[in-house]
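K.L.:
Below are the structure tokens for one structure; questions will follow.
Please treat every number below as a calculation from the coordinates, not as lab data. Values in this document were obtained by computation on a predicted structure and should not be read as measured data. Counting neighbours? That spans all protein chains shown, and the Cβs are built from the backbone with ideal geometry, glycine included.
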Amino acid sequence: MTPVEPPPSAWDLPDPSLADPGVELLGVGADLEPGTLLAAYRSGLFPMPLDGVGALAWWSPDPRGILRLDGLRVSSSLRKSCRRLTTTVDTDFVAVMRACGDPRRPDGWITDEVVEAYTELHRLGWAHSLESRTADGDLVGGLYGVEIGGLFAGESMFSLAADASKVALVALVERLRAASVPGEGPRLLDVQWRTDHLASLGVINVTRLRYLTLLRAALLLPPAF
């Protein structure tokens, strides 16, 4: 579906290009209305509640973790898992979000309010999920994120079976690669922060200013979903 543009945000969000290097928390407050979320991603921000407080905070990591589409590392064991599991797209968005927000997971931040906000973005055509399933169709992993033009902002992933979240990531990269056209600028797969786990898959760090340059170019591209 063609994404539906919601009413604009009522808030003036901070401009990441004006932030001091290394400062990541740029604001607290505002709301999770669709227009606010889209304005944030378009400017290089994303929301995440403050630990132990619950207040809505707006982040712009410096450095920023991204995965270049030609930089995904797929091990032989992951290739076997890709053959063992199947992937679907946008078949159970809420279930993926709920699994990502399982309160038993450490550092959980996906509240009911967050689920409702991104489910509305999904309904409007801006948020997407990829699901990893067994041969019997059981949901065992997946990821979700926001797509605006050539930006895919990955938000979270989960796994209930070996490599299940990684299989969803491989499927995402393949989809983004398939949508790429020679001569266009590169699509941008944003993962927020580079962790050791994500680094093993090929995620790299770029400066915030480099990220914002890549973002401006990516937003001009047509979506892949």
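K.L.:
Do the sum for the chain: with -39,500 (n - 2.57) for every DSSP H run of n ≥ 4, divided by all residues, what is the mean residue ellipticity at 222 nm, to the nearest 500 deg cm²/dmol?
P.N.:
About -9500 deg cm²/dmol.
K.L.:
Return the loop-located trypsin sites (Lys or Arg not before Pro) in region 22-71 (DSSP other than H, G, I, E, B) with at most 16 other Cβ atoms within 10 Å of their own Cβ; answer none if there are none.
P.N.:
On the way: sites: ARG42, ARG64, ARG68; in loops: ARG68.
Listed in order of number, the matching sites are ARG68.
K.L.:
What ranking of ILE204, ILE148, ILE66 emerges when the number of other C-beta atoms within 10 Å of each C-beta is taken as an exposure proxy, fewest first?
P.N.:
ILE204, ILE148, ILE66
K.L.:
Given the Cα-Cα distance of HIS197 and LEU220 and 0.36 nm per residue of separation, how much length would full extension add, in nm?
P.N.:
Fully extending the segment from HIS197 to LEU220 adds 5.2 nm.
K.L.:
Quick one: if the Förster radius is 25 Å, what FRET efficiency do VAL89 and ASP112 give, using the C-beta to C-beta distance and rounding to 0.05?
P.N.:
Working from the Cβ atoms, E equals 0.55.
K.L.:
Okay, next question. Between MET48 and ASP138, what FRET efficiency follows from the Cβ-Cβ distance if R0 is 45 Å, with the result rounded to 0.05?
P.N.:
Computed FRET efficiency for MET48 and ASP138 comes out at 0.95.
K.L.:
Between ASN205 and ASP20, what length in nm is gained on full extension when 0.36 nm per residue of separation is reduced by their alpha carbon distance? If you can, show how the numbers build up before the last one.
P.N.:
Numbers: separation 185, 0.36 × 185 = 66.60 nm, distance 1.74 nm.
Net length gain for the segment: 64.9 nm.
K.L.:
Whole number please: convex hull volume per residue, Cα atoms of the chain, in Å³.
P.N.:
Each residue corresponds to 122 Å³ of Cα convex hull volume.
K.L.:
Would you list PHE152, PHE158 from fewest to most Cβ contacts within 10 Å?
P.N.:
Lowest to highest Cβ neighbour count: PHE158, PHE152.
K.L.:
At a Förster distance of 35 Å, what's the computed FRET efficiency of ARG98 paired with SER180, Cβ-Cβ distance as r, to 0.05? The partial results should precede the final answer.
P.N.:
Working: r = 32 Å, r/R0 = 0.90.
The formula returns an efficiency of 0.65 here.
K.L.:
Could I ask something else about it? How far apart, in nanometres, would the label points at SER77 and ARG123 be if each is projected 7 angstrom from Cα along the Cα-to-Cβ direction?
P.N.:
Taking the two extended label points, one gets 4.2 nm.
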